[in-house]
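Okay, so here's the structure we're looking at.
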Amino acid sequence: MEVIEHELPDEKRICPVCGGALHTMGRETGEELKIVPAKAVIVRHVRHVYACRNCEGTSDHVPMVKADMPEPVIKGGFASPDAIAHIAVQKFMMASPLYRQEQEWKLSGILLSR
């Protein structure tokens, strides 16, 4: 598994309301399947979410700022651009139907449905 951390640069970790320092208050994760020839790897994206400690103690509104993270190719999908390209090549250039690709994935220990 490969993990890529997406954090705000230090100069952007400033509260937009009061100018105080932001701290990490949580993380959001998203995963995509990345195809490397003859190898499939899960890539976990971890997005840091920041909040202002000063606003937490003194304000009724605490701003949250999230680091940038790449959007998935298919909203809510698990496949990376590499995986989609691989499936498309197998289906359209190699004439391998989806059910056969599903069986090949299963033989590799990856359970994906058509």
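Read-outs: derived from the displayed coordinates by stated rules, not from any lab. Quick caveat, the model's predicted, so the values are computed rather than measured.
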Report, by chain and number, residues whose modeled amide H sits under 5 Å from the one on Ser96, excluding near sequence neighbours (fewer than 5 apart, same chain).
Lys91
Calculate how steeply helix 98-107 sits against the longest principal axis of the alpha-carbon atoms of the chain, using the helix alpha-carbon long axis, and give the answer as 0 to 90 degrees to the nearest 10.
80
For segment 2-107, the Cα convex hull volume per residue in Å³ comes to 126
Rounded to the nearest 500, what is the 222 nm mean residue ellipticity of the chain from helices alone, with -39500 (n - 2.57) per DSSP H run of 4+ residues and division by all residues?
-5500 deg cm²/dmol
Hey, which lysines would be in cross-link range of Lys91, C-alpha to C-alpha under 16 Å, not counting anything within fewer than 8 residues on its own chain?
none
Amide proton proximity set for Leu33, modelled H, under 5 Å, gap of 5+:
Ala79, Ser80
From the backbone phi of segment 15-24, what are the Karplus-calculated ³J(HN,Hα) couplings (6.51 cos²θ - 1.76 cosθ + 1.60, θ = phi - 60°) in whole Hz, Gly and Pro given as x?
4, x, 8, 10, x, x, 6, 8, 10, 6
